[in-house]
Each structure stands twice: as structure tokens, then as C-alpha cells.
1. Looking only at the range 46-104, count how many residues are part of a loop (DSSP other than H, G, I, E, B) and in contact (Cβ under 8 Å) with a residue 24 or more places away in the chain.
2. Considering only residues that are of a type in the set (A, V, I, L, M), under 15 Å from Ile200 (Cβ atoms) and open to solvent by 10 Å² or more (accessible area, probe 1.4 Å), look in the range 74-88 and name the one that is nearest to the chain's Cα centre (by Cα).
3. Residue pairs, Cβ under 7 Å, 6 or more apart or interchain, first in the range 306-334 and of a type in the set (S, T, N, Q), second exposed (fewer than 15 other Cβ atoms within 10 Å of the Cβ). List them.
4. Restricting attention to the range 201-210, which residues are surrounded by fewer than 13 Cβ atoms within 10 Å (Cβ to Cβ) and either over 22 Å from Ala233 (Cβ atoms) or over 9 Å from the mean Cα position of the chain (by Cα) (or both)?
5. Please enumerate the residues belonging to the range 350-366 that are among the polar types (S, T, N, Q) and closer than 16 Å to Met316 by Cβ.
6. Identify all residues within the range 288-305 that are closer than 19 Å to Ala233 by Cβ and free of Cβ contacts under 8 Å to residues at least 40 places away in the same chain; write none if there are none.
7. Can we say Ala65 is surrounded by 22 or more Cβ atoms within 10 Å (Cβ to Cβ), touching a helix residue (DSSP H, G or I) at 6+ places or on another chain (Cβ under 9 Å) and farther than 24 Å from Leu157 by Cα?
8. What residue, of Asp159, Asp155, is crowded, with 16+ Cβ neighbours inside 10 Å, in a helix (DSSP H, G or I) and touching a Ser or Thr at 6+ places or on another chain (Cβ under 8 Å)?
Amino acid sequence: MNHSNSRTGEIIRVSLCGIAVNLILVIFKTIVGLTAHSIAVILDAVNNLSDALSSIITIIGAKLAGKAADRKHPYGHGRIEYISASLIALLVLLAGFTSMKESIVKLVHPVETKHTVLSLIVLLAAVAAKLFLGRFYQKKGAALNSDSLKASGMDALYDAIISFAALISAVVSMTVKWNLEGLLGIVISIFIIKAGYEIIAETLNHIIGIRADDDFTAQIKASICENPAVHGAYDLILHNYGPDKYFGSVHIELDDNMNAREIDALTRSIVPQIYQEYGVLLTIGIYAANTHNDTAVQIRETVRHVVGQYPEILQMHGFYMEEAARAVSFDILINYDTDDASALTADISSALTERFPDYHFFISVDHDFSE
């Protein structure tokens, strides 16, 4: 069994456990809620039923996301997991708004509750079950890099808070005869709505396209540069097509006296290494580095000094001097706050031409896709 199938199978097993726990809670909470005339407990039971639906969505999403690439979807179907996580977030939001509406009604028109010791025991067991399920979901979600499981874990932990609030309300109702269900329900609803918003914001970021983790990109570049023939790795761009599914490109800097056969052998060794270590399929471009040319060294150091005067420039790389054509080319990496990149490159080119009037300078602008 390959890694993708194994991961999908584990997500399904975790989700089935969640469905079983939630259905058991639905049965017991419904009995307690109807017996005690408690809207808080009944809403909690309905919320558990929606959690079971969330797990079903997670299973369907994992199965669809695990489908192999085809002609229409050559990068696979991994992003479906982000869609399923968004659907779960929508269910969380729906539960939050529904709970808010019913809690307001309960606050305006309170109904006397009739809790018993048995109902308290059921609610206490529900809190423990939801805490365990939430931590279980989050642990497995982190291990499997599954946004759907992480979202379900967050939802389960908030459910534990809901059940705990229902428990407090029941204890207060039994002891001092105060009905806190409406007030507690409103407070809890706010937290649920906030959680749903945070989940959907995170998953939508993945769908839109989010910047790759800086530590992750730094590790990939460091691994590439472990090869003694590579002087530097730059312009790493990663495209995410689902959890643990990356396609990308990178430029590596090599001596300009390497021949095509040597470069081909080098890149053929780097590509499988990075894929095996990080699950990233790379396309590699080449920057040539001047070898044994004192003039090139002098100009490169001057370029570094001039470029260093501009705080909006994060890095200079890809320097190469073509002596016969008197042409110097290099790339600058600018941050996203730079207003006028054209004016910036014109200033740098003017300063360098003043120092080296016999040379032409060609500057390419890169954006900060990764550190």
C-alpha cells in the first residue's frame, strides 16, 4: 500500500471512530434533554449529530482527494480536502448561529428544567468524551496533515465547552433554581462562530494559495546546497495541490565551466533526493557563476554594496558577467511593500553604470515567494 492510500485509510478510520462516539452521545443527550426539558442539552445533541455529518464529509473528502491524477486533473485531487474542511467550517458556523438564535429565545422565554443526577452524569461523560475526541482528532490531524481532521478536532473541543456549560447550567438549576441556559448559550455561541470563522479562513487561504512555510523552504534549499557543486539555491516557488503534495521550481548556481552532461547528472540526482526527503517534485533552472575572472569578482562586490543601500531589497543573486558582450546580469529580490520596482532598478543601474561605464547592466526583479 502506498503512502497516499495508507493516509486515506487512517483518516477514514479516525473519522469512523468519531461518528460512533457522536452517535452514542446523540442518543443519550436526546433522552436527557427531552426528560429534563433542557433546550441546551437538546441543542448539544443536535450539534453532535452535525459532528457525525462532519466526519462523513471528512471520509468522502479523503476518498476523493486520494484519487490518482488523471488527464483532466494532472496534479491530483488533493485540494478536495481543503474543500471538505471548508464544508465542516460552514457546519460549525451554522451550529453557532442556530445555537445563538435558540439561546436568545431561551433567554427571553425561559422554561423550567428538571435535571437529575443521571443527567449530570451523562453530561459529565459527554464532556470527557468530547475532550478525548478533540485531542484525538487534532493529534491525528497533525500527524496526517489533514485540515479536515484538525477542523473536526477544534469543533469537538468547542463541543466539550458546550457540554460543560450545559452541565453548569444543570447544576445551578438543581441547586439555586437559576436558569442560565439562555445566557450561557449566547456566550458559547459566540465562541462557536469565532471557531468556524477561523477554520474557514485557514482553509480558504490554502485554496487561494498561501506562502510556503519559511522553515520548510529553508530546509529544501539547505539540502540542495549540501551538494558541493551547488553555490546557492534561489527563487524556490512551491505550489500546493493538497496536504503533502507540492510541485515547485528552483534555480541553482553552478560554475560556468560545467558542461551539459555534468549539469544533467547533477540535476537528476537532486530531483529524486528532494522528492524523497520532502515530497516536493522540483523543476531546476540554472544560474551560471563566473569562475577565475577578477573583474567579475570586483563588479559583483560593487553590485552587492550598491544593492545593500536599499532596505526594500532582500537579496541579490544570479550574478553573471559576459566579458565579450560587456554585459552584467543579476536578480534582486524585493519585498511586497515596494511601490515602484522600475524606479528602483533604474536607480541601481544608473549607480552601477557610473562606476563601470563600459558595461551594460540587466536587472531582473523577483518577488519574495519564499525565504
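The values are calculated or read from the model by the stated rules, or taken from the named source; none is laboratory data. Computed from a prediction, not measured in an experiment: that's the story for all the values here. FYI the Cβ positions are ideal-geometry reconstructions off the backbone, even for glycines, and counts take in every protein chain you see. Areas reflect the complete protein model, heavy atoms only, side chains present, ligands, DNA and RNA absent. Shrake-Rupley method; radii C 1.70, N 1.55, O 1.52, S 1.80 Å.
1. We begin by selecting, within the range 46-104, every residue part of a loop (DSSP other than H, G, I, E, B); these are 66-79.
From the residues that got through so far, the ones that are in contact (Cβ under 8 Å) with a residue 24 or more places away in the chain too are 66, 75-79.
Final tally of qualifying residues: 6.
2. Keep residues of the range 74-88 that are of a type in the set (A, V, I, L, M), which gives 80, 83, 85, 87-88.
The next check asks that each one be under 15 Å from Ile200 (Cβ atoms); those that pass are 83, 85, 87-88.
Pick out the ones that are also open to solvent by 10 Å² or more (accessible area, probe 1.4 Å) and you get 83, 87.
Numbers: Ile83: 13, Leu87: 16 Å.
So the residue we want is Ile83.
3. Ser329/Phe362
4. Selection gives Ala201, Asn205, Ile208, Gly209.
5. Pass one, the range 350-366, residues among the polar types (S, T, N, Q): 350, 353, 364.
Across the range 350-366, the qualifying residue is only Ser364.
6. If we filter the range 288-305 for residues that are closer than 19 Å to Ala233 by Cβ, which is where we start, we get 288-291, 300, 304.
Ala288, Asn290, Thr291, Arg300, Arg304 - these are the residues of the range 288-305 that are closer than 19 Å to Ala233 by Cβ and free of Cβ contacts under 8 Å to residues at least 40 places away in the same chain.
7. On the way: surrounded by 22 or more Cβ atoms within 10 Å (Cβ to Cβ): yes; touching a helix residue (DSSP H, G or I) at 6+ places or on another chain (Cβ under 9 Å): yes; farther than 24 Å from Leu157 by Cα: yes.
When the stated conditions are applied, Ala65 passes them.
8. On the way: Asp159 fails: touching a Ser or Thr at 6+ places or on another chain (Cβ under 8 Å).
Being crowded, with 16+ Cβ neighbours inside 10 Å, in a helix (DSSP H, G or I) and touching a Ser or Thr at 6+ places or on another chain (Cβ under 8 Å) holds for just one of Asp159, Asp155, which is Asp155.
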